[in-house]
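Contents: one structure, followed by commentary.
The values are calculated or read from the model by the stated rules, or taken from the named source; none is laboratory data. Small disclaimer: the values here were computed from a predicted structure and weren't measured. Note that we place each Cβ from the backbone using ideal geometry, even for glycine, and neighbour counts take in every protein chain shown.
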Amino acid sequence: MRYFLAGVMQTTLLEGVVSQDYRNVLRDFIKSVEPDADVYDPWLAHPDPASLEDNEEIRQVFEMNVQEAEKSDVVIAFIPTASMGTAIEIEHAWRAGKTVWTISPLVKNWVVRLYSHKLFPSIEAFKTFFEENHKQ
């Protein structure tokens, strides 16, 4: 199974990125439950994308991330606050027929509602669901 870790990076910051610690938490957890899982993390592929300056390079990185989401079996999106890039990734994945699981308190947000197959209020709620659905 191939999982794509989508999630907030820049949100509404004018510069820099928010903490990306959630990526390690999710990646390590998924691998602990499903050791053979292929977990694609765009942050590992292109650390600190906010530091990119060239528009063509930014476009290439972003479009590659969208394509990776479309190729994955499941997109797991962490959206504790608005994230335009993540919104595009989950919309594309959903349209490509992929499963989208979203971790977010933004239950009234149209993109979160329309393009999530399952919505979790917290990482802990997601972990419970994931473990329960991977019991042998």
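Does K71 satisfy the criteria of being touching a Ser or Thr at 6+ places or on another chain (Cβ under 8 Å) and basic (K, R)? Show your work before the answer.
Numbers: touching a Ser or Thr at 6+ places or on another chain (Cβ under 8 Å): no; basic (K, R): yes.
Here the answer is no, as K71 does not meet what is asked.
Just so you know, in segment 75-86 the residues that are surrounded by fewer than 19 Cβ atoms within 10 Å (Cβ to Cβ) and of a type in the set (A, V, I, L, M, F, W, C) include one that is nearest to Y40 (Cα to Cα), and it is M84. Considering the conditions (1) in a loop (DSSP other than H, G, I, E, B); (2) within 14 Å of the chain's Cα centre (by Cα), V107 is excluded by exactly one of them, (2).
Just the residues that are touching a strand residue (DSSP E or B) at 6+ places or on another chain (Cβ under 8 Å), of a type outside the set (K, R) and closer than 24 Å to V61 by Cα, please, taken from segment 26-48. Within segment 26-48, L26, A37, D38, V39, Y40, D41, P42, W43 qualify. For segment 34-86, what are the residues that are over 17 Å from F4 (Cβ atoms), in a loop (DSSP other than H, G, I, E, B) and either touching a helix residue (DSSP H, G or I) at 6+ places or on another chain (Cβ under 7 Å) or in contact (Cβ under 8 Å) with a residue 12 or more places away in the chain (or both)? Across segment 34-86, the qualifying residues are D48, L52, P80, T81, A82. Within segment 1-20, being among the basic types (K, R) and either at pLDDT below 75 or farther than 15 Å from T99 by Cα (or both) holds for no residue.
Restricting attention to segment 18-33, report how many residues are within 17 Å of the chain's Cα centre (by Cα) and outside any loop (DSSP other than H, G, I, E, B). I'd like the intermediate steps shown before the answer.
Here is the first cut: in segment 18-33, the residues within 17 Å of the chain's Cα centre (by Cα) are 18-31.
When the remaining residues are screened for being outside any loop (DSSP other than H, G, I, E, B), the result is 21-31.
Summing the residues that are within 17 Å of the chain's Cα centre (by Cα) and outside any loop (DSSP other than H, G, I, E, B) in segment 18-33 gives 11.
Residues of segment 63-83 that are at pLDDT below 90 and among the hydrophobic types (A, V, I, L, M, F, W, C): A82 alone. Residues in segment 93-136 that are surrounded by fewer than 18 Cβ atoms within 10 Å (Cβ to Cβ) and under 19 Å from K71 (Cβ atoms): R95, A96, G97, T99, H117.
Screening W43 with (1) in contact with a Lys or Arg (Cβ under 9 Å, 6 or more places away or on another chain); (2) surrounded by fewer than 13 Cβ atoms within 10 Å (Cβ to Cβ); (3) of a type outside the set (G, A, S) gives one miss only, at (2). Considering each residue of segment 125-133 in turn, none proves to be in contact (Cβ under 8 Å) with a residue 24 or more places away in the chain, assigned to a loop (DSSP other than H, G, I, E, B) and closer than 17 Å to F4 by Cβ.
For segment 87-104, a tally of residues being touching a residue at least 12 places away in the same chain (Cβ under 8 Å) and part of a loop (DSSP other than H, G, I, E, B) returns 3.
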